[in-house]
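Structure, as structure tokens:
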Amino acid sequence: MNAEPVTENRLFNPEAETLAPDALRALQAERLRAVVARVAQVPFYREIFAREKIDPADIRTSDDVRRLPFTTKADLRENYPLGFLAVPRDRVVRYHGSSGTTGKPTFVAYTRNDVQVWSELCARFLVAGGLQPHHTCQIAFGYGLFTGGFGLHYGIERVGAAIIPAAGGQTQRQLMLMQDLKPEVLICTPSYALHLAEAIREAGLNDGRLALRYAHFGGEPWTEDMRAAIEKDLPILCFNNYGLSEVIGPGVSGECAWRNGMHIQEDHFIVECLDPATLEPVADGEPGELVFTALTKEAFPLLRYRTRDMARLYREPCPCGRTTVRMSRVTGRSDDMLVIRGVNVYPSQIEEALLRVDGVAPHYLIEVSRPGALDRVSVSVEMRPETFSDRMIGMQQLRQRIAHEIHAITGLHAEVNLVGPKTLERFAGKAVRVKDHRALS
Ligand code: DLL
């Protein structure tokens, strides 16, 4: 646990964020009963309740969530587009969607009250990570079906700070906005932040000319080393926030000034951490798949949504005073886990290995193929400009060093290709770091 806070400890809604454990359980139980009564009208749940003889009246405590059925992405697809809608269409004020990197997109919907709750939840993690009403924030998330842009936008408005809705991409324009409008807060995906940090350095703007002080990153996995790399390049404090469109969007959890895990907003969600194979709870501190039940959503409340995100839960008290359970970084997804020659590998582990090696940039692409009977994994890694200009000296050692670190962390022997600076694709939204060619062969 971090001993020191990195910024002042502030709470947006102190009462809700510091509920005593008993009061929190009581509130969750009351809200769970209400949401179960609401979803009993949704055909998907009505049928399961009838088939599995689940009587909503039997749901009394927050632990009773375990008697309820799971909901999966496949269920959302089968009930496409709006089979889970729990209110009449005329109460919906907004639609969003999943990022849709695999298969058909899935939609979610919000009532006016849902949007208000969502704004508050985003306001809470933003304030926990330093946002104050006098700040200006540059949002470099896509505005659109993706929940990142609008979710953060409404959260910032709720705090009363100013917004530059830059949206994703157009890096040079982002830099111009940073110079001319002097935002203190940057909001984007961590991979785009890396790209921006690189562009800022190249433009020589990291000489104290910019006003940036805080950054809130989310939407995709990143590592502690990546945080250190960005904070080395830019004089900012980076905070992690987590969410998913099916649960509400950003605002499910976020870090406080101690940055020792993301506080889950338990007055609005019940979280479980389960073994993805047995669906039994894992012990606190052990990795498992996060499963969320939305307690207060009106338009699109899902019961026990299986996120496929692997993380750990921590319940030790946090010095910030928030009483909620915290989640670790997402270490991978129970379904994007790569199985290479029988070894389970998460892309984030490869990233961790790369960041241990000086001279390489954290831009990489993992490619898995099966030319014969055996899987082959190759990792293309970008060199830093300084390393690249050192000509070929030490290239072989550098490759060996990277391969060694990858092996130390994953147990895998990978082929390492060093590529020149800026040769790998950059992403304004979520990065695509893995190409698995085996599925195609
Ligand atoms: O990415 C919501 C969001 C937007 C969260 C902006 C934070 C900031 P989806 O497009 O539905 O929603 O994708 C959700 O992204 O299941 C995780 O796998 C991943 N993800 C989101 N935040 C984090 C994070 C948004 N901080 C999926 N760390 C989730 C790791 C994250 N993974």
Worksheet entry | Of every Cα-Cα pair in the chain, the percent that sits beyond 31 Å | 42
Item to complete: Starting from the amide H of VAL360, placed 1.01 Å from N in the peptide plane, find each other amide H under 5 Å away whose residue is 5 or more places distant or on another chain.
Response: ARG384
Practice prompt. Kindly state, as a whole number, the per residue volume in cubic angstrom of the convex hull around the alpha carbon atoms of segment 62-139.
Written response: 170
Item to complete: Treat segment 338-440 as a sphere of radius equal to its Kirkwood radius over Cα pairs and apply Stokes-Einstein at 25 °C in a medium of 0.890 mPa s; give the translational diffusion coefficient in µm²/s, rounded to a whole number.
Response: 175
Worksheet item: Amide H to amide H under 5 Å from VAL419: which residues, 5+ apart in sequence or cross-chain, H placed 1.01 Å off N in plane?
Response: VAL381, GLU382, MET383
Practice prompt. Taking only Cα atoms and a 10 Å spring cutoff, compute GNM fluctuations for the chain and point out the largest among TYR364, TYR80, TYR154.
Written response: TYR80
Worksheet item: Using the per-residue mean of other Cβ atoms lying within 10 Å as a proxy for protection, in what order, highest first, do the peptides 5-14, 130-139 fall?
Response: 130-139, 5-14
Worksheet, complete the sentence: In whole Hz, the Karplus estimates of ³J(HN,Hα) for segment 372-386 (6.51, -1.76, 1.60; θ = phi - 60°; x where Gly or Pro) are x, 8, 9, 5, 10, 10, 10, 10, 8, 10, 7, 7, 6, x, 4
Discussion item. Taking θ = phi - 60°, what integer Hz values does the Karplus form 6.51 cos²θ - 1.76 cosθ + 1.60 yield along segment 91-96, in sequence order, with x for Gly and Pro?
Written reply: 8, 7, 10, 7, 10, 9
Worksheet item: Hey, what number do you get for the chain at 222 nm if only DSSP H runs of n ≥ 4 count, each worth -39500 (n - 2.57), divided across all residues, to the nearest 500?
Response: -9000 deg cm²/dmol
Practice prompt. Report ³J(HN,Hα) in whole Hz for each residue of segment 286-298, in order, from the Karplus equation J = 6.51 cos²θ - 1.76 cosθ + 1.60 where θ = phi - 60°; Gly and Pro get x.
Written response: 9, x, x, 8, 7, 10, 10, 10, 7, 8, 10, 5, 9
Worksheet item: For segment 338-440, with only Lys/Arg (+1) and Asp/Glu (-1) charged at the beta-carbon, what is the dipole magnitude about the Cα centre, in debye rounded to 20?
Response: 200
Worksheet item: Near the amide H of LEU85, under 5 Å away, which other amide H atoms are found, from residues 5 or more places off or on another chain, if H is placed in the peptide plane?
Response: none
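Can you order the peptides 178-187, 423-432 by their average number of other Cβ atoms within 10 Å per residue, highest first?
Highest mean packing first, the order is 178-187, 423-432.
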Discussion item. Rg over Rh of segment 99-177, using C-alpha atoms and the Kirkwood radius, what does it come to?
Written reply: 1.01
Discussion item. Treating segment 108-240 as a set of equal point scatterers at the Cα positions, no solvent, please give the Debye-formula log₁₀ I(q)/I(0) at q = 0.09, 0.15 Å⁻¹.
Written reply: -0.24, -0.66
Discussion item. For segment 338-440, give me the percentage of DSSP beta bridges that are antiparallel, rounded to the nearest 5 percent.
Written reply: 55
Worksheet item: Which one of ILE59, HIS153, HIS134 is farthest out on the positive end of the charge dipole of the chain, using unit charges on Cβ (Lys, Arg +1; Asp, Glu -1) and the Cα centre as origin?
Response: HIS153
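Bear in mind these aren't lab numbers, they're just calculated from the coordinates by the rules spelled out. A quick note: this is a predicted structure, and the numbers were derived from the prediction, not measured. Here Cβ is always computed from backbone atoms with ideal geometry, including for glycine, and neighbour counts include all displayed protein chains.
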